[in-house]
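S.K.: Okay, handing you the structure first.
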Amino acid sequence: MNSNIQLIFEKGTGINLQNYVPEMDIDEINLDKILPKAFQRIDLPIPNIPEVEIVRHFINLSNRNYGVDTGIYPLGSCTMKYNPKINEHIVRLPNFAQIHPLQEENDGCLELLYHLSKLLGEITGMDGFTLQPAAGAHGELVGLLIMKKYFETKRIKKQKLIVPDSAHGTNPASARMAGFSIIEIQSNKNGEVPLDQLEFAMDEGDVAGIMLTNPNTLGVFDRQIKEITRIVHEKEGLCYYDGANLNPMLGICRPRDMGFDIVHLNLHKTFSTPHGGGGPGSGPIGVVNELIPFLPEPCLISTKHGIICQENKENSIGRIKAFWGNFGVLVKAYAYILALGAEGLKKVGQIASLNANYLRVLLQKNYSVPYNRICQHEFVLSDRGIPNEVTTEDIAKRILDYGIYAPTIYFPLVVPGALMIEPTETESKQSLDYFVKIMNKIFEEANNNPEILKNAPYNTPVKRLDAVQAARNPILHD
Ligand SMILES: *Cc1c(COP(=O)(O)O)cnc(C)c1O
């Protein structure tokens, strides 16, 4: 703060904000030379409000916010887990926060990126990584462009991609953006890919491969995964692994060992950056040796002169992001992996699955679980059998009244009235038990007092929105 600030206490109004505006500390400029008089502002109406009012205004706004620091956030497919605060501190250290990608001396930042690639290689089993994609969906696009370029350089025409119906919504969207047309395969009653249909689809001839999430969006692990990747490889296809939800796999199972050729990770779900709120994110891509020449540039390589940056590779798909990606997210992932170590990461995987199964078993007393088998990090309930025509939306709105966040609803589409729950490894048993208690209470309300659910929520700053009106008559500006 500027030492020239004069604090003047006005009678009855507390401290006056205007007195906080510091004196100008640059030389007087001749404004008329820069800007014609007609465009100059005569006065600046800064509100004359006591400091305390401002503080209360922003604190009240912040109190309306809900986040994982406030309570459980069981948003399936999004891994809203608690991220250690120490990593936020680390990423703000001046040598990380104030570095510029064009500066000559990089204080070991390129080494950090190189080592992080190696660690992610260890975790997934892949041979080479790019850290540049800025989000999961961006990684998907990059991975699929690599797939496309691979077939182009081999002069093999491949235009279709298999995407099962249990895939994340971004998968078919990215496939289309990369120029593939999509063959959708319906999952079987176990939530797995039916092998006969896969073989049939691969026989179409110009199929580039498959894009798969395992565990899929039903939270179940496809036990025939090695068969799936074998079938695709046998027909000269490539296997893409959507690793956005790697949490339950950490230290337990590696995409490479399942037979995958390309994988993307969401560092902003699994590795210590919050997911949501608009970013920044990071969706690194890992590939097998054969695909390394196609990775975007620049690439980092290790030489006897240290880590250097390599450009203009013949077969690279080119640039996909300025500089090295979202560096801060990468630093946090690096710190997180080093702090936990191999054993710690494995524990993350185990507890993520244990917590989800704990909830699944307790909730099935009152709620229907359509794919009811041991799950990984998440599972899906449906509103089938909830009395008095109470819907998934009613349940989700009522959960808010009890001060916690609702699960993902109406997704995945393969489950009608879906409630997709992912507790993550960072929730304690007490917090899981509280969630079960609320869910059971809501079930009782559905039985005895359904009206209360139809109009919920009551305790939130914004009450139930009229979704139909909002869609029909949107007000897009003030
Ligand atoms: C979140 C997620 C994505 C997309 O990641 P974004 O960073 O939001 O683009 C893709 N696939 C799965 C399975 C996901 O959960």
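Values in this text are rule-based calculations from the coordinates and carry no lab data. Since the model is a prediction, treat every value here as computed from it, not as a measurement. Quick reminder, even Gly has a Cβ in these numbers, built from the backbone with ideal geometry, and neighbours come from all protein chains shown.
S.K.: Enter the Cα centre distance for the pair segment 65-120 and segment 370-399, rounded to the nearest angstrom.
M.R.: So the two Cα centres are separated by 34 Å.
S.K.: What's the FRET efficiency of Gln186 with His57 using the Cβ-Cβ distance as r and R₀ = 56 Å, to the nearest 0.05?
M.R.: The value I calculate is 0.60.
S.K.: Tell me, what HN-Hα J-couplings in whole Hz come from the Karplus equation 6.51 cos²θ - 1.76 cosθ + 1.60 at θ = phi - 60° for each residue of segment 377-389, using x for Gly and Pro?
M.R.: 7, 8, 8, 10, 9, 10, 8, 5, x, 6, x, 6, 6
S.K.: Taking the Cα centre of segment 353-478 as origin, sum charge times position over the Cβ atoms of Lys and Arg (+1) and Asp and Glu (-1), and report the length of that vector in debye to the nearest 20.
M.R.: 200
S.K.: Give, in nm to one decimal, the length gained when the segment between Asp433 and Thr303 is fully stretched (0.36 nm per residue of separation minus the Cα-Cα distance).
M.R.: Extending this stretch completely gives an extra 41.5 nm.
S.K.: Considering only DSSP beta bridges where both residues belong to the chain, give the percentage that are antiparallel (nearest 5).
M.R.: Restricted to the chain, the bridges split so that about 60 percent are antiparallel.
S.K.: Taking the simple approach of a point 7 Å from Cα along Cα-to-Cβ for both Arg176 and Ile42, what is their distance in nm?
M.R.: Calculated label separation equals 5.4 nm.
S.K.: For Gly128, list long-range residues whose amide hydrogen, built 1.01 Å from N in the peptide plane, is under 5 Å from its own amide hydrogen.
M.R.: Val287
S.K.: Normalised by the residues of segment 236-288, what does the relative contact order come to in percent, with Cα pairs under 8 Å and at least six apart?
M.R.: Here the relative contact order equals 37 percent.
S.K.: At what distance in angstrom do the alpha carbon centres of segment 225-259 and segment 271-327 lie from each other?
M.R.: Cα centres, segment 225-259 to segment 271-327: 21 Å.
S.K.: Step through the residues of segment 198-207 one at a time and calculate ³J(HN,Hα) from phi using the Karplus curve (6.51 cos²θ - 1.76 cosθ + 1.60, θ = phi - 60°), rounding each to whole Hz and writing x for Gly and Pro.
M.R.: After applying 6.51 cos²θ - 1.76 cosθ + 1.60, I find 5, 4, 4, 5, 5, 6, 5, x, 9, 8 Hz.
S.K.: Which FRET efficiency, nearest 0.05, do Lys154 and Tyr410 yield, Cβ-Cβ r, R0 56 Å?
M.R.: 0.85
S.K.: Could I ask something else about it? State the extension gain, in nm to one decimal, for the chain segment bounded by Arg384 and Asn372, taking 0.36 nm per residue of separation less the distance between their alpha-carbons.
M.R.: Additional length available on full extension: 2.9 nm.
S.K.: Turning to a different aspect of this structure: Please work out the Cα convex hull volume for segment 86-340 and give it in Å³ per residue.
M.R.: 124
S.K.: Let me ask something additional. Tell me which residues come under 5 Å, amide H to amide H, from Gly71 once H is placed; ignore anything under 5 positions away on its chain.
M.R.: none
S.K.: Which FRET efficiency value, to the nearest 0.05, do you get for Asp25 and Lys454 by plugging their Cβ-Cβ distance into 1/(1 + (r/R0)^6) with R0 = 60 Å?
M.R.: Given R0 = 60 Å and the Cβ-Cβ separation, E is 0.50.
S.K.: When only C-alpha pairs under 8 Å and at least 6 residues apart count, what is the relative contact order of the chain, in percent?
M.R.: Reported relative contact order: 17 percent.
S.K.: Applying a 10 Å radius around every beta-carbon, put 150-162, 208-220 in order of their mean neighbour count, most first.
M.R.: My ranking of the peptides, most packed first, is 208-220, 150-162.
S.K.: Let me ask something additional. How far apart, in nm, are two points set 7 Å out from the Cα along the Cα-to-Cβ line at Ala471 and at Gln197?
M.R.: 2.6
S.K.: Could you sort 121-133, 393-405 so that the peptide with the highest average Cβ count within 10 Å comes first and the rest follow in order?
M.R.: 121-133, 393-405
S.K.: Sticking with this one: For segment 68-193, compute Rh as the Kirkwood radius over C-alpha pairs and then the Stokes-Einstein diffusion coefficient at 25 °C and 0.890 mPa s; write the answer in µm²/s, rounded to an integer.
M.R.: 133
S.K.: Within segment 86-340, what percent of beta bridges assigned by DSSP are antiparallel, to the nearest 5?
M.R.: Taking every DSSP beta bridge with both residues in segment 86-340, the antiparallel ones total about 40 percent.
S.K.: Step through the table entries Lys81/Lys189; Lys154/Lys235; Lys189/Lys347, compare each Cα-Cα distance with 19 Å, and write down the pairs that go over it.
M.R.: Violating the 19 Å Cα-Cα cut-off are Lys81/Lys189; Lys189/Lys347.
S.K.: Above 30 Å lies some portion of the pair distances; for the chain, what is it as a whole percent of all C-alpha pairs?
M.R.: Tail of the P(r) past 30 Å holds 56 percent of the pairs.
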